[in-house]
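This report concerns only the one structure given below.
Every number here is computed from the coordinates shown, using simple stated rules; none is lab data. No experiment lies behind these values; they were computed from the predicted model shown. Cβ placement follows ideal geometry from the backbone for every residue including glycine, while neighbour counts extend to all protein chains displayed.
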Amino acid sequence: MSRLAGGIGQLGLVVRDADAAMRRWSIGYGIGPFIAARNVEFEEYRYRGRKAEAPIVTLCIAQSGPVQIEIVQQHNDAPSAYTEFLESGREGSQHVASWFGSHDEYDRAFETLLGNGLTLVHQARLSAIDCRFAYFDGGVPGGLMFEIAESLLPNIAPMLEKLSQAAEHWDGADPIRAPESLFT
């Protein structure tokens, strides 16, 4: 996928219980701390090409070397890539993601993925951080999707650097933290 949309910066998991998953990853694999943003509602949400009710989710991120681990729990029944995954009887690894540092780079990757036959499943914006993202199904066995996101924009990159520093110096204490902890 790197040839089409850059390298992979994230492994995304979709679960029914984000807190339990964060505990398993932090205790079982020593990955953390996790930053958990709760009850996040996507804006400008589109599902399979149409405006739709937006998912309300808990988004949890932790850094493990160069790869971010994201855990997603959806709280409502809005149609999404997440509900499709869970309804198929799966839980766990659902997507990998490539990140972009400009709107133009994101737009080019979006068009490239569509032009290469991938199916757009859902897309949205998180206006609080001015970040668009989209999930594509490429028909990979097992259902692993490909996400693109504007996660390297100048307003977001410093937060990711603080997350990386927190992981680098983490002693295993306080494995689940609020987003505000990145700024203290």
Tell me, what HN-Hα J-couplings in whole Hz come from the Karplus equation 6.51 cos²θ - 1.76 cosθ + 1.60 at θ = phi - 60° for each residue of the range 95-106, using x for Gly and Pro? 7, 10, 9, 10, 10, 10, x, 8, 5, 5, 4, 4
Taking other Cβ within 10 Å of each residue's Cβ, how do Thr58, Thr112, Thr83 sort, fewest first? Thr112, Thr83, Thr58
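Let me know the charge dipole size of the chain about its Cα centre in debye, to the nearest 20, where only the beta-carbon of Lys, Arg (+1) and Asp, Glu (-1) is charged. Each step should come with its number before you reach the end.
Numbers: 15 positive and 24 negative charges, 56 e Å.
Around 260 debye, computed over the chain.
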Using 0.36 nm times the number of residues separating Asn116 and Arg38, minus their current alpha carbon distance, what extension gain do you get? 24.6 nm
May I ask which residue of Ile31, Ala54, Ser88 lies farthest towards the positive end of the charge dipole of the chain, with charges of +1 (Lys, Arg) and -1 (Asp, Glu) on Cβ and the Cα centre as origin? Ser88
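Per DSSP H run of n ≥ 4, the term is -39500 (n - 2.57); total these for the chain, divide by its residue number, and report the mean residue ellipticity at 222 nm rounded to 500 deg cm²/dmol.
Rounded to the nearest 500, it is -7500 deg cm²/dmol.
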What are the residues whose amide H is under 5 Å from the amide H of Gln68, where those residues sit 5 or more places off or on another chain and H is modelled from the backbone? Gln10, Leu11
Put one equal scatterer on each alpha carbon of the chain, apply the Debye formula with no solvent term, and list log10 I(q)/I(0) at q = 0.08, 0.14, 0.15 1/Å to two decimals. -0.23, -0.75, -0.87
Mind pulling the angle between the C-alpha long axis of helix 157-168 and the longest principal axis of the chain? Nearest 10 degrees, somewhere in 0 to 90. 40 degrees
With springs only between Cα atoms under 10 Å apart, run a GNM on the chain and tell me which of Tyr47, Tyr29, Tyr135 wobbles the most. Tyr29
